[in-house]
Structure formats: structure tokens, C-alpha cells
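J.: Below is one structure. I have some questions about it.
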Amino acid sequence: MTKRIRVGVLAGGASAERQISLATGLQIAEHLPKARYDVVLMDPLALMAGNRHLSAEQRAHAKALADRSGRVDPLTERDRRELPAEFLRQIERAAEALVPVTSAIVPSAGEAPIDVAFIALHGPWGEDGTLQGLLEILGIPYVGSGVLASALAMDKVMAKRILAEAGLDVPRGAVVTRAGHARSPAAAGEAARAVGYPVFVKPVRQGSSLGATLVERPDGLAAAVDDALAYDDRALIEERLAGTELTVGVVGGDDDLFALPVIEIVTERTFFDYKAKYDPSASQEICPARVPDDVARRAQDVALEAHRALGCADLSRTDMILRGARMTVLEVNTIPGMTANSLLPKSARVAGVPFAELLERLIRSAMDRTGR
């Protein structure tokens, strides 16, 4: 009998996207065929009990995970208000299944180390290269981009510089730091006027549109900047581009990289915010997108160029806005949502690749890179 591959699905973590990560991790774990994979859902938060950047509550949660002495309910008031009931149930089930990631590093008696890690973490300490660096040190293969590409894509300012250098169109913008904003609050207003209203204000290193605000008028700017700076020490003030919102997933290795069918996003909310991303009733995700074939091919080419420019691996998803002839890259996600109904898996299904097969391809790609 062939030995099953032991997969550590890393989920949870310490970012503001913890709950989304739990749902992602659970669906990955449940869709991997049990005949071929021995799957364990692992929480890296267990390593972070001494991290002073975390709140006291988060550090207590980390210690409880590491000691296996209990867990903290991961649901927040915002999640209960904005996420659908089934999504909340997935989060709770994932929280109950978690084991500390230390099991992969120093297995306890009777436990086996993992053969490969499937990173299902979003935001800081998961999507930003830090965890990837740890896995590199430990010699554990993992799905997704390496340290540098992860760090670059997570930092919206650095990503825009790289993408612009590669010849891709990116939005105009300006950066406000927490320290600079405290010294001179008026500077944010000057930056916004230079960019031109309306503007988006968002944290430089955050996902799921957390801390992001569409500001139509100057009197809404201060609150938006404060909200963004609650998530990061830098806020990005960026031009708001109205148009058709498109997203394109890219999967594969260097030799077999291909772009998936284009998805068009239509939201009934002000923009594709936290609720719109995870509540199916708040938006439509149309695949293939309702654009001419030549425009779809162009969007796919842009996604491939963005993936290569940042040095991504295995998978990415590039979000863009089409306005007339202008196709502008908003951001590149190196760990896009990976529930069965997330954007990238949805476009993979349209391309004829079921969710379970997609997951297996990604695991095989990660293991092939290290000769496993």
C-alpha cells in the first residue's frame, strides 16, 4: 500500500483575517482525498505566545494552543454580523480541529512530521513571507510563493513599484505613515488632493478589504486614515478607478504556468468589501467575464506578467479594473481564497479542473520543487 502524503494545512494565525483563514483551511483539508492524504489542520499561532506585537488575548490564545489546554472562540462581532451562517459554522468546526503547528516541527510521541505544508493563512505572519522563511529553514516544502515574492505582494507599495517597472498600469497613490500622520494630520489631506477625489484609503499590508474605505469627500478622509492605520503603520491613499472589476487566477510551475478564465465581479455594495467578498448574496462573480475575447486574453496576459514580475510560485490571483482601454492592476494575491467557492477555484472549475484536483496539483508542484 502506498504511504499517504501527510499534509499540514496551516490555518488561523494572528492576523485580522484569522477567521477567513480557518474556513479556507477547513475546506482544503476536507477536499483532499483521504485515500492519498493524511491531513492535519495546524495553527501557527501556537508559535507566537511571546510575540509582543500581538494583543494579550492573542498571546493567551497562542499559549492555550501550544499547551493544548483549550481554545478561544475565534468569532468576532464583525464576523457574526457580516458572514453567512454556513461560513460561521465552518470557522467553528475548523477551530475545534486545530492542533499546534509545533506538531510539525517537533512531533510529539506517536506523531509524524508533515511531508508538505499547504499555507491557508491570509495577512501578516502568513502571507507576507515570514512563515515561508520558517518553512525554508526547516526544509519543509510548501504550496505557494517564496519569501521574497510573498513579502513583495503583501506590501502594496512595493508591489506597485515592481509592477510599474514591469510596464503594468497601477493606480496613482500616496503613502501616509502613522508617525507622520500624528505629527501632521493635514498631510493626508494634501496627499488626497494630489491624487484626486474620490480615493481609496487602505492599509499597506492587509487583505480582505479590512481597514479599506472609499472616501468621496475631504470630510471623510481623517476617519478613513485612522481606520487604515489601526491595521498597519502605513496607509495608502489611492485613486478610485470606476470600471469593470476583473480578477484572473494563475496556476502552475515555471514550465507549465497558465492563466485561468477571467472572472467579472459585480457587487451591490459601495465596493468589493469584506462582506461582499464572503457573503454570496452581496455580489455576483461571473465566469467567464462578460468581456470580448481579446480583452479576456489581455487580462490573462496581465495576470501572467504580474505573477512573473513578483516571482510568484504555484498560484496567484491578480485583481484589476478595466476602464475603457485602460487595464489597471490593483493588487496580486499570493494566497488567494481557497474555499471551494472562492474566486480562483471557481475559475479553475470553469477551466475543467475540480477543486480536489486543483489542490492535488498544487501539492505536487510544491513537492516537485524540493525533489520529494
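Derivation of every value follows stated rules applied to the coordinates shown; laboratory data play no part. Remember, predicted model here, so these are calculated numbers, not experimental data. As a convention, Cβ positions derive from the backbone with ideal geometry for all residues, glycine included, and neighbour counts pool all protein chains shown.
J.: What is the packing order of peptides 20-27, 289-296, taking the mean over residues of other C-beta atoms within 10 Å and listing the highest first?
T.: Highest mean packing first, the order is 20-27, 289-296.
J.: In debye, nearest 20: dipole of the chain around its Cα centre with unit charges on the Cβ of K, R (+) and D, E (-)?
T.: Using Cβ point charges on Lys, Arg, Asp and Glu, the chain gives about 280 debye.
J.: Using alpha-carbon pairs under 8 Å, 6+ residues apart, how would you state the relative contact order of the chain in percent?
T.: Result for the chain is 17 percent.
J.: How do Asp301, Asp256 rank when sorted from fewest to most other Cβ atoms within 10 Å of their own Cβ?
T.: Going from least to most buried by this count: Asp256, Asp301.
J.: For the stretch 173-239, max minus min Cα coordinate along each principal axis, in Å, sorted largest first?
T.: Cα extents, longest axis first: 25, 24, 18 Å.
J.: Using only DSSP helix segments of four residues or longer, with each worth -39500 (n - 2.57), what per-residue ellipticity at 222 nm results for the chain after dividing by its residue count and rounding to 500?
T.: -11500 deg cm²/dmol
J.: For the chain, set up a Gaussian network in which alpha carbons nearer than 10 Å are linked by springs, and say which option among Gly144, Gly252, Gly180 fluctuates the most.
T.: Checking each option, the largest mean-square fluctuation is seen for Gly180.
J.: What residue among Val350, Val157, Val170 has the largest mean-square fluctuation in a Gaussian network model of the chain, using Cα springs under 10 Å?
T.: Val350
J.: If one puts a single equal scatterer on every Cα of the stretch 5-143 and applies the Debye formula without solvent, what log₁₀ I(q)/I(0) results at q = 0.11, 0.13, 0.18 Å⁻¹?
T.: One equal scatterer on each Cα of the stretch 5-143 leads to -0.36, -0.51, -1.01.
J.: Please build a GNM for the chain, connecting alpha carbons under 10 Å apart, and tell me which residue among Lys34, Lys63, Lys160 fluctuates the most.
T.: Lys34
J.: Below 8 Å between Cα atoms, with a sequence gap of 6+, how large is the relative contact order for the stretch 173-239 in percent?
T.: Answer for the stretch 173-239 is 44 percent.
J.: Which whole-number percentage describes the relative contact order of the stretch 1-97, with Cα contacts under 8 Å and a sequence gap of 6 or more?
T.: The value is 30 percent.
J.: Cβ under 12 Å from Met48's Cβ, Met48 left aside: what net charge do those residues give with Lys, Arg +1 and Asp, Glu -1?
T.: Overall, the nearby charge balance is +3.
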